[in-house]
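Please read the structure below before turning to the comments.
What follows is calculated from the coordinates using simple rules that are stated; it is not laboratory data. Predicted model, so just to flag it, every value in this text is computed and none were measured. No Cβ is skipped: glycine too gets one built from the backbone with ideal geometry, and neighbour counts run over all protein chains shown.
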Amino acid sequence: MQPQEIDGGKILKRVLIGPRDGAPNFVMRLFTLQPGASTPYHTHPWEHEVFVVEGEIEVIQKESRHKLTTGSYVFVEPEEEHQFHNPSDKPASFICVIPKAGGE
């Protein structure tokens, strides 16, 4: 599947494994954030697991901010307000796994 450009190309989202591949339960996505890019601050009813593949990501949550670097990971609980931000001057990529119910 071709990467989806978000926010004018500041964010690229690529579905690595999902229902189209026969995955019955989960969707694995790869996000690439350009320097200074942020996902929207949001919440949803499903959990997700995030693994930083390259670069530096700041995870912004209601009560905290965490800086993650290559090889780091974080669990985002269902209904938890969150945002991912690239504070560096280099692109950063992370894998995000969600339940199939969360869409692609």
Problem set entry | Charge dipole of segment 45-104 about the Cα centre (unit charges at C-beta), most positive-ward option of V52, P91, S64 | P91
Seminar exercise, completed: Ranked by GNM mean-square fluctuation in the chain (Cα springs under 10 Å), the top entry among S88, S64, S38 is S64
Exercise. Taking springs between alpha-carbon atoms closer than 10 angstrom, which of A92, A37, A23 fluctuates most in the Gaussian network model of the chain?
Worked result: A23
Exercise. Can you tell which of P35, P91, P19 shows the greatest fluctuation in a Gaussian network model of the chain with Cα springs below 10 Å?
Worked result: P19
For this session: For the pairs K13/K100; K13/K67; K62/K100; K67/K90, note any where the Cα-Cα span goes beyond 23 Å.
Result: K62/K100
Exercise. For segment 1-60, what relative contact order do you get, as a whole percent, if you take Cα pairs closer than 8 Å and at least 6 residues apart?
Worked result: 24 percent
Exercise. Near the amide H of F26, under 5 Å away, which other amide H atoms are found, from residues 5 or more places off or on another chain, if H is placed in the peptide plane?
Worked result: K100
Seminar exercise, completed: Evaluated at 20 °C and 1.002 mPa s, the Stokes-Einstein D of segment 48-101 based on the Kirkwood radius over Cα pairs, in µm²/s, stands at 188 µm²/s
